[in-house]
Every structure is written in C-alpha cells, then in structure tokens.
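Structure, as structure tokens:
The values are calculated or read from the model by the stated rules, or taken from the named source; none is laboratory data. From a predicted model like this one, the values you see are computed outputs, not experimental measurements. As a convention, Cβ positions derive from the backbone with ideal geometry for all residues, glycine included, and neighbour counts pool all protein chains shown.
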Amino acid sequence: MAIRAKLSGNEAVSVAMKQINPDVVAAYPITPSTEVPQYFSTYAANGEVDTEFVPVESEHSAMSACIGAQAAGGRAMTATSAQGLALMWEMLYIASAYRLPVTLAAVNRALSGPINIHNDHSDTMGARDSGWIQLYSEDCQEAYDNFIQAVRIGEHPDVMLPVMDCYDGFITSHKVENLEIMSDEQVKAFVGKYKPPYHLMDKEKPMSMGPLSLPFYYFEQKRQQAEAMRGSIKAILEVAAEFEKVTGRKYGLFEEYKMDDAEVAIVILNSTAGTAKEVVDELRGKGVKAGLIKIRVYRPFPVEQIAKALANCKAVAVLDKADSLNAAGGPVFTDVTSAMFGRVESDVKVINYIYGLGGRDVTTDNIGEVYANLQDIAKTGKVKEVYNYLGVREV
C-alpha cells in the first residue's frame, strides 16, 4: 500500500536508501547533496539500518570506498554534487570498468568556476561518457522512484554497471512535495538481495581486480562495457514494468507530453520540464500543436526511440542546461541531432538553446519565446540561428 509523505528530494532519496538498507554508504558533504548522507547518518546512528556508514575525507575517497565495498560483494551507495563529482572523476571510470553497480545520488549543481552552488547540469553532463547509466528526475517523486529502480537496473545480470540518479539541486533537492513512498517491505522485496556473480571474498572463485590491461585485452574489455550499456535499455524497461506493477507509476526511456500530433516540440531534462508543460498546455488552448519530450534515460541514449518520437515534427528545440563549449551545441542537442541523422526522412528543423546556467531562473515567458521561434520556423522553414542562448544578457 502506498504511503503518503511530504518530503524534499534529498530526504526522499535518503528514505529510499534507508529502505534498501545497503551494506555500505560512504560520503563526503557538498552542497546541495549534503542532506542525503546527513539524513542517512541519522538512520545509521539510530540503528534503523544495518549499513556501515563511512564518513570519508573526500569525494574521491567516497567513491573509492564504494568500489571496495562492491568489489567485496557488498551493495554500496553515495551522493555528491558538482566539484564532488569532479573529484570522483578517476574513480567513476574505475567503478564502471570493473562492472560494479554502485548507486549514486547526483544532485545537479554548476561545476565551478566561477564558484556557484546553484543548479545546472554541467557536473553530470561532464560524466556522461564515464560508463555510468544516467537517470534524470523531474521532481521528488521521480528522484525517489528512480533511485530504487537504479539498484535493480545496475545489478541486472546483463548490465552490471553503476547508475546515477540525477536531480536538480535546490529546485528538487530542497523542495518539499507530496509524494507516495513504498513500504519498507515492498522496497526490500523489489530490490532483493545483492548476489554478484563474482567478488573478491568468494574463495571458490578466486579472482583479481584492478590488473594492468595492455593492448591485447583492453579494447575487448571496453567493447564489453559498451555492449552492457547498449543492452541496459532492455533491463531499464523490464525494471520499470515491474515497478509499475508494484506502484502504479509508469516509467519509460522518456516521457512524451502531448506529442501525438505535435508540430513543434521541446526536448528537455529534469525540473524545467514542469515549467515547459505549463506552456504546452497554454499553447494547446490556443490551438498550437505543441509538445514536449522529457528525457529520463540519458545514458544509454535512446537513439532510435528519440528519432521516432520526433520524426513527425516540423521544428524541435533541444534545451541544454550545460554548454559543451564546443561551438556546435550542448550535449543533449548533439546527441539528439546525431540520433536523428539518417533515421528521420522528413526535414525536421532542430535548434539548440543553452539555458539556466548557474541557476539562472527560467520562466514560462522564456519557454514561450522558444515555442514562438519554433512556430516561426515551422511556418517559414527557415532557421535564423541553430545555436542559441536563453535568458542571458548579451553584450
């Protein structure tokens, strides 16, 4: 039975951690993710979990401890943001290369410099090719639900990869919402016991971990990682289907909002999707065939599914809350256009907007500007500028 609760995003994720009751949580505080291990340390101190809570001296050490715990056959978790994720960088690649399904609450914050504690997606976008599955969450409910599903996805025998549950700092992490949580029994039954196919403590199957891999083997090992990432789409959908049976909440690779007959559409991630949906509703009331796609699974990128969903649009804007600084567009834009190239026969015009960097507010008026531009493109077939900035003071 669903339990009604009023929780912030961080507290909701910490509750999910408590219900999962992992073997190890290792963490170092950094705004705005600090509350996740802070709440969890209270559960550990009060004896509400059996978890070994390890307060370490840095985020690099936090991920290192999680890797050690997973390698020994345990289930390990942590949380971080921005510079904390950057300090983990080396170990992110180690966790994925060793095929260790660590679960990470990645609370999105601008990656310095200049120093900024507010939200954008530069931190997790920078880690998009580190071999981690990335799930993005619009609100507190999704942050909670995705964290629980992340455990099952990463530990799936055909996957065995680490997973990030990414949600917006302060906007989602500190906002209190009404949501439905599962009972402890439901969560424990859903995630089950961690039974890794190999680990260092299994004396019947002696193994080494972290060996030198020279050219004769390295390429094949990386190919195996790539195939696991590609195959994880099936596992993600299987886990989502099971989750829906338990909770009634449906998840896919992305959400299609009023896309059935959409002529103009926005592609977006996380909390700004809620703002954009308000604009879609308003435009629909005026007879404009507007739609929205909110990406939930960014790694692996749902290439064929995204291309199909956008194929019948006349004009599409991809909104990136991170800039790749490459003169070619933001990371989501380049992935979307790559997905559509050669797969969409119709001449869909696709443009990019960089928005919200460093926590800059994005209003319905801003989103309205994007849809107005798309309507003009759909009508004339002409694109004035592919690479745009939204809500910035131009010099």
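Applying the condition of being in contact with a helix residue (DSSP H, G or I) (Cβ under 7 Å, 6 or more places away or on another chain) and in a loop (DSSP other than H, G, I, E, B) to segment 175-195 and asking which residue is surrounded by the most Cβ atoms within 10 Å (Cβ to Cβ) yields M182.
Conditions (1) in contact with a helix residue (DSSP H, G or I) (Cβ under 9 Å, 6 or more places away or on another chain); (2) of a type in the set (A, V, I, L, M); (3) part of a loop (DSSP other than H, G, I, E, B), marked per residue:
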site	(1), (2), (3)
P22	yes, no, yes
I30	yes, yes, yes
F53	yes, no, no
S64	yes, no, no
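The single condition among (1) charged (D, E, K, R); (2) within 16 Å of L374 (Cα to Cα); (3) in contact with a helix residue (DSSP H, G or I) (Cβ under 8 Å, 6 or more places away or on another chain) that E256 does not satisfy is (2).
On the basis of being among the small types (G, A, S) and in contact (Cβ under 8 Å) with a residue 24 or more places away in the chain, does A265 make the cut? In short, yes. When the residues of segment 302-320 are filtered to those that are in contact with a Leu (Cβ under 7 Å, 6 or more places away or on another chain) and not aliphatic (A, V, I, L, M), the one that is farthest from H121 (Cα to Cα) is Q305. The set of residues from segment 238-261 being in contact with a strand residue (DSSP E or B) (Cβ under 9 Å, 6 or more places away or on another chain) and assigned to a helix (DSSP H, G or I) comprises just one member, T247.
Okay, residues lined up against (1) in contact with a Pro (Cβ under 6 Å, 6 or more places away or on another chain); (2) closer than 14 Å to N270 by Cβ:
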| site | (1), (2) |
| --- | --- |
| F147 | no, no |
| H156 | no, no |
| G169 | yes, yes |
| T172 | no, yes |
| E185 | no, no |
| V191 | no, no |
| Y194 | no, no |
| L212 | no, no |
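Among (1) part of a loop (DSSP other than H, G, I, E, B); (2) touching a residue at least 24 places away in the same chain (Cβ under 8 Å); (3) aromatic (F, W, Y), there is one condition Y198 misses while meeting the rest; what is its number? Result: Y198 fails condition (2) only. Just so you know, in segment 146-173 the residues that are out of contact with any helix residue (DSSP H, G or I) (no Cβ under 7 Å at 6 or more places or on another chain) and farther than 12 Å from Q134 by Cα include one that is surrounded by the fewest Cβ atoms within 10 Å (Cβ to Cβ), and it is P157. When Y257 is tested against (1) closer than 20 Å to T364 by Cβ; (2) crowded, with 22+ Cβ neighbours inside 10 Å, just one condition goes unmet, and that condition is (2). Please verify whether segment 48-59 includes one or more residues that are outside the structural domain of G359 (by TED's automatic domain parsing), within 25 Å of N178 (Cβ to Cβ), surrounded by fewer than 18 Cβ atoms within 10 Å (Cβ to Cβ) and not aromatic (F, W, Y). Within segment 48-59, one or more residues are outside the structural domain of G359 (by TED's automatic domain parsing), within 25 Å of N178 (Cβ to Cβ), surrounded by fewer than 18 Cβ atoms within 10 Å (Cβ to Cβ) and not aromatic (F, W, Y).
Are any of the residues in segment 53-74 in contact with a Ser or Thr (Cβ under 6 Å, 6 or more places away or on another chain), within 18 Å of N146 (Cβ to Cβ) and at pLDDT 95 or above? Scanning segment 53-74, I find no residue that is in contact with a Ser or Thr (Cβ under 6 Å, 6 or more places away or on another chain), within 18 Å of N146 (Cβ to Cβ) and at pLDDT 95 or above, so the answer is no. The set of residues in segment 347-357 that are surrounded by 19 or more Cβ atoms within 10 Å (Cβ to Cβ) and either modelled with pLDDT under 95 or assigned to a helix (DSSP H, G or I) (or both) contains only L357. Consider S213 carefully, then state whether it is within 25 Å of C66 (Cβ to Cβ), touching a helix residue (DSSP H, G or I) at 6+ places or on another chain (Cβ under 7 Å) and without any contact (Cβ under 8 Å) to a residue 24 or more places away in the chain. So S213 passes the test.
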